[in-house]
């Protein structure tokens, strides 16, 4: 009888102390979750998806370890081009370790790059089927990245991942979304300087692909050029040249080639690359004339010119 | 000539020197069981983790961080596992072993107050866990520092060869350095020790009224598992209460939240694996809660043990 009384008394004391400590613990727990010092709570649905791994991963620091070993296993699936298994594996991996950028990056890469490319070349499918599967896997990659942004808000790396995919010209690009995403990155407080610089240049690069935003693109190029010499990269310099030759642009102060590029040699080098890398059928404003001007100034031999002089009788 | 009653000195309720003697004896006893050999397995585990190289297939900069994460997660997982097992098994064996060796009767007849006995025994186990965790922390820091230093050296060389200025290189490598050996590694180890304190005191409480070691082990393990999901149960019960709703599940969740300890808030090593810093006030708060759990379980253990007959 006495041992039973003891147990009842112990349980009663535990109940009272438990009741008293509950509000304090709840507050502390919320703070730890806000600081992301403890793993996020798994919903019942997520637990059922993870099955036994959820039980094992309940114990501290086993979650990232299990996720790491699962991710090593996905290299086999990659070799076998088993995209469904990769997708399923990464769904579990990001549940186990949701704050790890590496897994989200890998998952999106497998879907949007590898799987999409594989389906694009899959001769067992019809042409429509290939295109459909290609777009399907790109969308899966985008969905993964969007999910990662929801789980990791305010982290520039995930937004950067999204912007890069949207700006990828081989993956159904959406340059307007890419520009908006890069602008969102610039709003993040305490952003490292090299990321700010990179984001601004990427905005310009993506904006150049949007013909309707020609004025905005030119204004941004001028702004970056005047800001710092670290922005005197071909993307900016070429955009200034092309922008000031655009018939619809409002140009306040037209710059000469030497003002833009520093020297004729530098101008020729950059303009030549721009010309050779332009998209098929594209004729950037003022580029051809600028190249011809520089070729004349530098006395480039006829055989080496991009625009050799035409014989007089062919005019 | 003084009488025997005058010679008799009343035993103090608690004596730190007595507790110290019992603790040191317990520590020596446990060390003789060759528990430190696990360190060899720990070193092999970390050395193996250090060899794994994650492919940088996407062109991003996630793979060097991932390698450092793996070392940390393997190290902390092993620390957790070991400290839990030691806290469980060593504490569960304390009283039954003394009963079997018949040293318990000798000690209690001294007379050694039962509280001193319990505290001394538990302290011996906790000192062993503490020493083990210090050793594991040193080993983890060594391997992590080696790996981080080699990765940073490679990255610095690559970035320097691209003509990137030193300030920019330092900025780019700041994230990587956060995954190396920082004060947070040691704070996370301390949090694991706090978890071991709570687990050991739970095991001690159960062993004071349990009739077998196996029962103590199984019941403590069940309490630990429930303790790790107690936070989810409490969160559910609190949310339901806020909405003014009640059902069977919320009642059960409330009971779980009240009776069982929350071990999840002692699992801050997950944040350190992600490269986050643990604010000192958080360490202070979790220490206070862990010590409160310890105090409650020790008092209850003494309550259950004080009149126990063997």
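What's the number of the only condition in (1) facing chain A (nearest Cβ under 8 Å); (2) assigned to a helix (DSSP H, G or I); (3) farther than 27 Å from residue B:65 by Cβ that residue B:270 fails to meet?
Unmet for residue B:270, out of (1) facing chain A (nearest Cβ under 8 Å); (2) assigned to a helix (DSSP H, G or I); (3) farther than 27 Å from residue B:65 by Cβ: (3).
Based on this model, can you work out whether residue A:249 counts as more than 14 Å from chain B (Cβ to nearest Cβ) and assigned to a loop (DSSP other than H, G, I, E, B)? Steps first, answer last, please.
Values: more than 14 Å from chain B (Cβ to nearest Cβ): yes; assigned to a loop (DSSP other than H, G, I, E, B): yes.
Considered against the rule, which asks whether it is more than 14 Å from chain B (Cβ to nearest Cβ) and assigned to a loop (DSSP other than H, G, I, E, B), residue A:249 comes out as yes.
Given the residues B:273, B:229, B:288, which is the only one that is buried (at least 17 other Cβ atoms within 10 Å of the Cβ), at pLDDT 90 or above and under 22 Å from the mean Cα position of the chain (by Cα)? If you could, list the steps in order and put the result at the bottom.
Values: B:229 fails: at pLDDT 90 or above; B:288 fails: buried (at least 17 other Cβ atoms within 10 Å of the Cβ).
After ruling out the rest, the residue left standing is B:273.
Just to verify a result, which residue in the stretch B:252-267, among those that are under 19 Å from the mean Cα position of the chain (by Cα) and more than 7 Å from chain A (Cβ to nearest Cβ), is nearest to residue B:201 (Cα to Cα)?
Of all residues in the stretch B:252-267, those under 19 Å from the mean Cα position of the chain (by Cα) come to B:260-267.
Next, only the ones that are more than 7 Å from chain A (Cβ to nearest Cβ) stay: B:260-261, B:263, B:266.
Values: B:260: 13, B:261: 11, B:263: 13, B:266: 15 Å.
So the residue we want is B:261.
This table checks each residue for (1) within 30 Å of residue B:283 (Cβ to Cβ); (2) within 13 Å of another protein chain (Cβ to nearest Cβ); (3) part of a loop (DSSP other than H, G, I, E, B).
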residue	(1), (2), (3)
A:47	yes, yes, no
A:89	no, no, no
A:102	yes, yes, no
A:125	no, no, yes
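Filter the stretch B:238-258 down to residues that are in contact with a helix residue (DSSP H, G or I) (Cβ under 7 Å, 6 or more places away or on another chain) and either at pLDDT 85 or above or crowded, with 17+ Cβ neighbours inside 10 Å (or both), then give me how many there are. If you could, list the steps in order and put the result at the bottom.
In the first step, residues of the stretch B:238-258 are kept if they are in contact with a helix residue (DSSP H, G or I) (Cβ under 7 Å, 6 or more places away or on another chain); the result is B:238, B:240, B:246, B:250, B:253-254, B:256-258.
From what's left, either at pLDDT 85 or above or crowded, with 17+ Cβ neighbours inside 10 Å (or both): B:238, B:240, B:250, B:253-254, B:256-258.
Residues that pass the stated criteria total 8.
Filter the stretch A:203-248 down to the residues that are in contact (Cβ under 8 Å) with a residue 12 or more places away in the chain, over 21 Å from residue A:180 (Cα atoms), over 24 Å from the mean Cα position of the chain (by Cα) and surrounded by fewer than 16 Cβ atoms within 10 Å (Cβ to Cβ) and list them by number.
Within the stretch A:203-248, A:247, A:248 meet the criteria.
Have a look at A:17, A:65 and point out the one that is at pLDDT below 90, within 7 Å of chain B (Cβ to nearest Cβ) and either part of a loop (DSSP other than H, G, I, E, B) or within 29 Å of residue B:290 (Cα to Cα) (or both).
On the way: A:17 fails: at pLDDT below 90.
Exactly one of A:17, A:65 is at pLDDT below 90, within 7 Å of chain B (Cβ to nearest Cβ) and either part of a loop (DSSP other than H, G, I, E, B) or within 29 Å of residue B:290 (Cα to Cα) (or both), namely A:65.
So for the stretch B:24-41 (the condition being assigned to a helix (DSSP H, G or I), within 30 Å of residue A:65 (Cβ to Cβ) and within 14 Å of chain A (Cβ to nearest Cβ)), does at least one residue qualify?
no
Quick one: which residue in B:139, B:181, B:198 is under 30 Å from residue B:43 (Cβ atoms), under 27 Å from the mean Cα position of the chain (by Cα) and not in a helix (DSSP H, G or I)? Lay out the reasoning, then the answer.
Numbers: B:139 fails: not in a helix (DSSP H, G or I); B:198 fails: not in a helix (DSSP H, G or I).
From the options B:139, B:181, B:198, the qualifying one is B:181.
Yes or no: the stretch B:267-290 includes at least one residue that is free of Cβ contacts under 8 Å to residues at least 24 places away in the same chain and under 21 Å from residue B:122 (Cβ atoms).
Scanning the stretch B:267-290, I find at least one residue that is free of Cβ contacts under 8 Å to residues at least 24 places away in the same chain and under 21 Å from residue B:122 (Cβ atoms), so the answer is yes.
Which of the residues that make up the stretch B:154-179 are exposed (fewer than 11 other Cβ atoms within 10 Å of the Cβ) and within 13 Å of another protein chain (Cβ to nearest Cβ)?
Listed by number, the residues that qualify are B:162, B:163, B:166, B:167, B:174.
Hey, does the stretch A:74-91 have a residue that's closer than 28 Å to residue B:78 by Cα and more than 24 Å from the chain's Cα centre (by Cα)?
yes
On the given criteria, is residue A:50 farther than 19 Å from residue B:290 by Cα and at pLDDT below 90? Give the derivation first.
On the way: farther than 19 Å from residue B:290 by Cα: yes; at pLDDT below 90: yes.
Yes: the conditions hold for residue A:50.
Yes/no per residue for (1) in contact (Cβ under 8 Å) with a residue 12 or more places away in the chain; (2) surrounded by 22 or more Cβ atoms within 10 Å (Cβ to Cβ); (3) in the same structural domain as residue A:196 (by TED's automatic domain parsing):
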{"residue": "A:70", "(1), (2), (3)": "yes, no, no"}
{"residue": "A:75", "(1), (2), (3)": "no, no, no"}
{"residue": "A:99", "(1), (2), (3)": "yes, no, no"}
{"residue": "A:106", "(1), (2), (3)": "yes, yes, no"}
{"residue": "A:114", "(1), (2), (3)": "yes, no, no"}
{"residue": "A:125", "(1), (2), (3)": "no, no, no"}
{"residue": "A:128", "(1), (2), (3)": "no, no, no"}
{"residue": "A:148", "(1), (2), (3)": "yes, yes, no"}
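Among the residues of the stretch B:68-85, are any modelled with pLDDT under 85 and either buried (at least 20 other Cβ atoms within 10 Å of the Cβ) or within 26 Å of residue A:39 (Cβ to Cβ) (or both)? Let's see the steps before the verdict.
Initially, the stretch B:68-85 is screened for residues modelled with pLDDT under 85, giving none.
Within the stretch B:68-85, not a single residue is modelled with pLDDT under 85 and either buried (at least 20 other Cβ atoms within 10 Å of the Cβ) or within 26 Å of residue A:39 (Cβ to Cβ) (or both).
Give the number of residues within the stretch B:233-251 that are under 30 Å from residue B:196 (Cβ atoms) and over 26 Å from the mean Cα position of the chain (by Cα). Walk me through how you get there before you give the answer.
Just the residues of the stretch B:233-251 that are under 30 Å from residue B:196 (Cβ atoms), to begin with: B:233-238.
From the residues that got through so far, the ones that are over 26 Å from the mean Cα position of the chain (by Cα) too are B:236-238.
Count: 3.
Residue B:202 is checked against (1) surrounded by fewer than 23 Cβ atoms within 10 Å (Cβ to Cβ); (2) within 13 Å of chain A (Cβ to nearest Cβ); (3) closer than 30 Å to residue B:309 by Cα; (4) in contact (Cβ under 8 Å) with a residue 60 or more places away in the chain and fails just one. What number does that condition carry?
The single condition residue B:202 does not satisfy is (1).
The values are calculated or read from the model by the stated rules, or taken from the named source; none is laboratory data. Small disclaimer: the values here were computed from a predicted structure and weren't measured. For neighbour counting, all protein chains shown are included, and Cβ atoms are generated from backbone atoms with ideal geometry for every residue, glycine included.
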